[in-house]
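Student: Please see the structure below; I have some questions.
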Amino acid sequence: MANLRKTVLITGGCGFLGSHLAETHLKDGYRVICVDNFSTSNRSNEEYLNRLGSENLVVVEADVIEPWSSWSKSLPEGWLEDLAYIFHFASPASPPLYQELALETMWVNSIGTSNALNFADKFGARVVFASTSEIYGDPEFSPQPETYKGNVNTVGIRSCYDEAKRFGESLIFTHNWKKKTNHGMVRIFNTYGPRMNPADGRVVINFLVQAMAGGPFTIYGDGSQTRSFCYVDDLVRGIRAYATGGFQEPINIGNPVEFTITQLTDEVQKLFAPKKFDRAYREFPQDDPKQRRPDITNARTKLSWEPKVPLAEGLGKMLAWLKTIS
């Protein structure tokens, strides 16, 4: 059990990943501050967290690219003095949403990251930045280790996210170098699970929602592109191991088991047997990665972490949650 006096601050704390980070810290006795502007987060996640323990939770509706002094002065007395971590997870993460909010995505991963770092330094806290596998772009080989520099397009429709995350990593590295601080970053690969926005646009939630509606599955390209899907509980374990380990260098957190998009439709189909859904094929999007698979050697050796939940089990859990909100 964690020290009850410890506080964590989570930007994007009512979003998909943020709410799971908030939940696990609340259950371990931390006081949790969630800062969210609800541009992509679900209000239902705030309600869920409040039911877990509102006495140790504060939800602040604010935009983290604005000065943090506008809301931080109203926090409960003593909480910030015991601030241990800032998890900077505020950012759209699905292509439809970050392309719709392209400039906001760039600001939250640059200005927002700078604000988080400077705020953390005031209290001796540690920032953990949500970076992404997208910094590798459309990779030239697989799996992708942290040493791979990436194959990215700076002037494409995905660059608002890819390059913002790359800048965020560079900002943290330079901040640590110049100010002798100890902030870090995790490179998150495709993650799925309960409390993801049903309109999020990422492939797992899309396929489950489409199947519940009777199909068809929408596939971009021919379905041969690959992804590696990590269940959210596994991911949160990895993020917390990274945070408490005091690492500064980026470490991949994801599931190394690779599936084609067509194979993913097969896995979803099994959950709805004997129904059979058609597949609707669409044009392959610009700069969409054709392969995505993490090398998790560093996670295994440095964090003693690897995923445990197989895809079929995780999909079943996510479907059971979707049925409770439909």
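Student: Any residue at all in region 179-199 that is free of Cβ contacts under 8 Å to residues at least 60 places away in the same chain and within 27 Å of Y231 (Cβ to Cβ)?
Tutor: Step one: of region 179-199, the residues free of Cβ contacts under 8 Å to residues at least 60 places away in the same chain are 179-180, 199.
Filter once more, so that each one left must be within 27 Å of Y231 (Cβ to Cβ): 199.
Checked against the condition, which is being free of Cβ contacts under 8 Å to residues at least 60 places away in the same chain and within 27 Å of Y231 (Cβ to Cβ), region 179-199 yields at least one hit.
Student: Specify which of the listed residues (I188, I172) is among the hydrophobic types (A, V, I, L, M, F, W, C), under 30 Å from P310 (Cβ atoms), buried (at least 20 other Cβ atoms within 10 Å of the Cβ) and under 21 Å from the mean Cα position of the chain (by Cα). Steps first, please.
Tutor: Numbers: I172 fails: under 30 Å from P310 (Cβ atoms).
Of the residues listed, the single one that is among the hydrophobic types (A, V, I, L, M, F, W, C), under 30 Å from P310 (Cβ atoms), buried (at least 20 other Cβ atoms within 10 Å of the Cβ) and under 21 Å from the mean Cα position of the chain (by Cα) is I188.
Student: State all residues of region 78-90 that are over 23 Å from E169 (Cα atoms), at pLDDT 95 or above and assigned to a loop (DSSP other than H, G, I, E, B); if no residue qualifies, say none.
Tutor: Residue satisfying the conditions is W79 alone.
Student: Within region 151-166, can you find the residues that are touching a residue at least 24 places away in the same chain (Cβ under 8 Å), among the aliphatic types (A, V, I, L, M) and either surrounded by fewer than 15 Cβ atoms within 10 Å (Cβ to Cβ) or in a helix (DSSP H, G or I) (or both)?
Tutor: The one that is touching a residue at least 24 places away in the same chain (Cβ under 8 Å), among the aliphatic types (A, V, I, L, M) and either surrounded by fewer than 15 Cβ atoms within 10 Å (Cβ to Cβ) or in a helix (DSSP H, G or I) (or both): A164.
Student: What do you reckon, is P289 of a type outside the set (D, E) and touching a helix residue (DSSP H, G or I) at 6+ places or on another chain (Cβ under 7 Å)?
Tutor: No.
Student: Filter region 275-326 down to residues that are of a type in the set (S, T, N, Q) and in a loop (DSSP other than H, G, I, E, B) and give me whichever is modelled with the highest pLDDT.
Tutor: Checking each candidate, the answer is S304.
Student: A further question follows. Counting only residues that are of a type outside the set (D, E, K, R), in a strand (DSSP E or B) and within 17 Å of S110 (Cα to Cα), how many does region 169-217 have?
Tutor: 3
Student: Among the residues of region 125-150, which ones are of a type outside the set (V, I, T) and either in a helix (DSSP H, G or I) or under 17 Å from F173 (Cα atoms) (or both)?
Tutor: Just the residues of region 125-150 that are of a type outside the set (V, I, T), to begin with: 125-126, 129-131, 133-134, 136-146, 148-150.
Residues satisfying the conditions are A125, R126, F129, A130, S131, S133, E134, Y136, E146, Y148, K149.
Student: Could I ask something else about it? Identify the residue in region 31-55 that is in contact with a Ser or Thr (Cβ under 9 Å, 6 or more places away or on another chain) and without any contact (Cβ under 8 Å) to a residue 40 or more places away in the chain and, among all such residues, is surrounded by the fewest Cβ atoms within 10 Å (Cβ to Cβ).
Tutor: E46
Student: Another question, if that's okay. Can you find, within region 99-156, the residue that is farthest from Q291 (Cα to Cα) among those that are among the aromatic types (F, W, Y) and modelled with pLDDT of 95 or more?
Tutor: The extreme case among them is F123.
The values are calculated or read from the model by the stated rules, or taken from the named source; none is laboratory data. Computed from a predicted structure; not experimentally measured. Cβ: placed from backbone, ideal geometry, glycine included. Neighbour counts: every protein chain shown.
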